[in-house]
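To start, the structure itself, in structure tokens.
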Amino acid sequence: MGKSSKDKRDVYYRLAKEEGWRARSAFKLLQIDEEFNIFKGVSKAVDLCAAPGSWSQVLSKKLRETGSDVKIVAVDLQAMAPLPGVIQIQGDITKISTAEEIIQHFHGENADLVVCDGAPDVTGLHDIDEYIQAQLLLAALNITTHVLKQGGIFVAKIFRGRDISLLYSQLRILFPRVTVSKPRSSRNSSIEAFVVCQDYSPPEGFKPSMTNPLLDNTSCDWSTLTGVNRYIVPFLACGDLSAYDADMTYPLPVDEGGKYECKNPVQSPIAPPYEEAISLAQKFPGPIVKTNPDTEKKEDVKNSE
């Protein structure tokens, strides 16, 4: 019952399983490409914060349709199940060694495209979530300045908030064309969107450095920024209007006999956070008995404790 209700609630979750994608986020990158044609002429691509690997799947499929001499490097702190044609690096995107390893796989050349779908574990406190996501994006931007070639493209997830103008101004320093896109597969109720930064052109004399972040923590009132810092970034909805609406509920597709076939996820988590809880529940199927040293009486403690 649980699987059926979940499948019915999210049509893109169901489509991802049917089409073999590891996560529903694959449709977001596909719809961004439909609007911006970001894969054109790309032979070297980097996927930052890649796990579980849906964006790497899209890159592998789309880029190999246009040419055989394609290299894709996926980077994440977490282990990720192997993908054919994708080089995986388990590393930290804030380390210069990770950038050097990426370039090494490209034989000293820089990437044509860098994408990042990374996001923090949201707390529900929007101000905190927006700040952490902004810092993650800046970390991705920092390593991108080391590995992206002149004229390259950078695509990353953002959380739109009231102080997002500062982040746009930082991106505008390095990219003359910055657009915010909202794929149709991204729920309208979500504050997420994606920045598509084109034509990488760093200022003259700019030297990438991991120890010198683009954004420093000062007491400036960012709402009072003027001039180029108040640049209005275009907003564009991606995806055909005839496509599925991520906020709607659609009926389950059934066969002629009225039966619905539930498909398992393409890639199960390698090390899910609930793995330890499951092993403890299997090891101690009944209530755990614990002795209170103060009263020397036995107390029944539930497994959840």
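The values are calculated or read from the model by the stated rules, or taken from the named source; none is laboratory data. Given the structure is predicted, the values throughout are model-derived calculations rather than measurements. For neighbour counting, all protein chains shown are included, and Cβ atoms are generated from backbone atoms with ideal geometry for every residue, glycine included.
Please specify each residue of the stretch 275-305 satisfying the condition of being modelled with pLDDT of 75 or more and either assigned by TED's automatic domain parsing to the domain that holds LEU15 or outside any loop (DSSP other than H, G, I, E, B) (or both).
Let us first name the residues in the stretch 275-305 that are modelled with pLDDT of 75 or more, namely 275-284.
Residues satisfying the conditions are GLU275, GLU276, ALA277, ILE278, SER279, LEU280, ALA281, GLN282, LYS283.
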Can you give me the number of residues within the stretch 123-143 that are touching a residue at least 60 places away in the same chain (Cβ under 8 Å) and buried (at least 22 other Cβ atoms within 10 Å of the Cβ)? 4
Going through the stretch 37-65 in order, the residues found to be over 23 Å from ILE102 (Cβ atoms) and buried (at least 19 other Cβ atoms within 10 Å of the Cβ) are none
Here the residues within the stretch 169-203 that are among the hydroxyl-bearing types (Ser, Thr, Tyr) and in a loop (DSSP other than H, G, I, E, B) are SER185, SER186, SER189, SER190, TYR200, SER201
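Checking the conditions here, which among PHE154, PHE206 is within 18 Å of the chain's Cα centre (by Cα) and either in a helix (DSSP H, G or I) or in contact (Cβ under 8 Å) with a residue 12 or more places away in the chain (or both)?
PHE154
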In the stretch 100-112, is there at least one residue being among the β-branched types (Val, Ile, Thr), assigned to a helix (DSSP H, G or I) and free of Cβ contacts under 8 Å to residues at least 12 places away in the same chain? no
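Tell me, which residue of the stretch 79-96 that is touching a residue at least 60 places away in the same chain (Cβ under 8 Å) and closer than 21 Å to PRO269 by Cβ is surrounded by the most Cβ atoms within 10 Å (Cβ to Cβ)? Can you show your working first?
Step one: filter the stretch 79-96 for residues touching a residue at least 60 places away in the same chain (Cβ under 8 Å), giving 79-81, 94-96.
With closer than 21 Å to PRO269 by Cβ added as a condition, the list becomes 79-81.
Working: ALA79: 10, MET80: 21, ALA81: 14.
The residue in question is MET80.
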